[in-house]
1. So what is the diffusion coefficient of segment 1-151 in µm² per second by Stokes-Einstein at 10 °C and 1.306 mPa s, using a Kirkwood Rh over Cα pairs?
2. For Gln153 and Lys204 in the same chain, what is the full-extension length gain: residue separation times 0.36 nm, less their Cα-Cα distance, in nm?
3. Averaging sequence separations of C-alpha pairs under 8 Å and six or more residues apart, then dividing by the length of segment 1-158, give the relative contact order as a whole percent.
4. Please name whichever of Pro266, Val185, Met26 sits farthest to the positive end of the charge dipole of the chain, dipole taken about the Cα centre and charges placed at Cβ: Lys and Arg +1, Asp and Glu -1.
5. Tell me the label-point distance for the pair Glu193, Tyr169, using the 7 Å Cα-to-Cβ offset, in nm and rounded to one decimal.
6. How big is the charge dipole of the chain about its Cα centre, in debye rounded to the nearest 20, if each Lys and Arg gets +1 on its Cβ and each Asp and Glu gets -1 on its Cβ?
7. Tell me which lysines have Cα within less than 17 Å of Lys98's Cα, excluding those fewer than 8 residues away on the same chain?
8. Looking only at the chain, where both bridge partners belong to it, what percent of the DSSP beta bridges are antiparallel (to the nearest 5)?
Amino acid sequence: MNCFTLTVTDHIAHLVLNRPEAMNTMHPLFWRELDQMLTQLHAGNEARALVISSTGRHFSAGMALETFGGAVQLDDRSPEGRAAVFDLLTDMQATFSKLETLRIPVIAAIQGGCIGGAVDMVSACCLRYATADAFFCIQEINIGMVADVGTLQRLPKLMPLGVVKELAYTGRRLPAAQALGYGLVNQVFDTPEALLAGALQTAKEIAAKPPVAIWGTKQALHYARDHGVDDALKQMGWLQGAIWSNKHVLESVTAMKEKRGGNFPPLAPLQSFKEIGQ
């Protein structure tokens, strides 16, 4: 991989953006590698939580603007060309949506600038931790376009709509302290080292729980976010009935009493239907 490193230790996957010299900007190879790794993590069952961190001065400066003058061509000269923009964006959106639909929780550890496409990316994560010097910027409006890969769809579900509108209309920076107050980030740390340690500690706590219960919790939370209470309660009944385990509950209670970690089976590995028989 050119844009990332990925390790899995003690059931915790750690994905690191590793192009600090380019401020971890996003170009087609970034998208391709991220998509491949998320697909791999989703299908596997070794990791029980994912931490995404970065290197250098900024978490990510967002889209590499030179990409639009080279590898990616957006044709605005005909209705057919403009229609093709929809399919291009759908493909890009699908990669960040994999963070949201991943079978395990995703924690973003953000230092420095989280700009443009990086806001799209971290808004699809479950939890966001930040350094005190971190900031968030919906940069797209500053370059004459609408943010189009998830920011405007997910941020209003994470923080007050009026704040999102202010950021989206002005392109202003949102400092970490304000982001904490609005609920966009869960905790602010003084240094990148403390940030990563805090993110990994949370991942460790998550990884100690029954993986299928964590999976079910993520499913229920996302469903409840997008549906009414009545529908969400029905979905909760079906979900709990599908994954309930007396054995897991007994092991969890026993482990707490004995002050030890629980012993739980991993999620079943997944295989694409298209790959069966290969």
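1. Here the translational diffusion coefficient equals 100 µm²/s.
2. Working: separation 51, 0.36 × 51 = 18.36 nm, distance 2.97 nm.
So the chain would gain 15.4 nm between Gln153 and Lys204.
3. Working: 278 pairs, mean separation 33.7, N = 158.
Taking the mean separation of contacting Cα pairs over the length of segment 1-158, I get 21 percent.
4. Pro266
5. Each label point is offset 7 Å from its Cα along the Cβ direction, giving 4.4 nm.
6. Numbers: 24 positive and 26 negative charges, 167 e Å.
Rounded to the nearest 20 debye, it is 800 debye.
7. Straight-distance partners of Lys98: Lys218.
8. Numbers: 9 of 29 bridges.
Counting DSSP beta bridges with both partners in the chain, the antiparallel share is about 30 percent.
The values are calculated or read from the model by the stated rules, or taken from the named source; none is laboratory data. From a predicted model like this one, the values you see are computed outputs, not experimental measurements. FYI the Cβ positions are ideal-geometry reconstructions off the backbone, even for glycines, and counts take in every protein chain you see. Heads up: the accessible areas ignore ligands, DNA and RNA and are worked out on the full protein's heavy atoms, side chains in. Shrake-Rupley method; radii C 1.70, N 1.55, O 1.52, S 1.80 Å.
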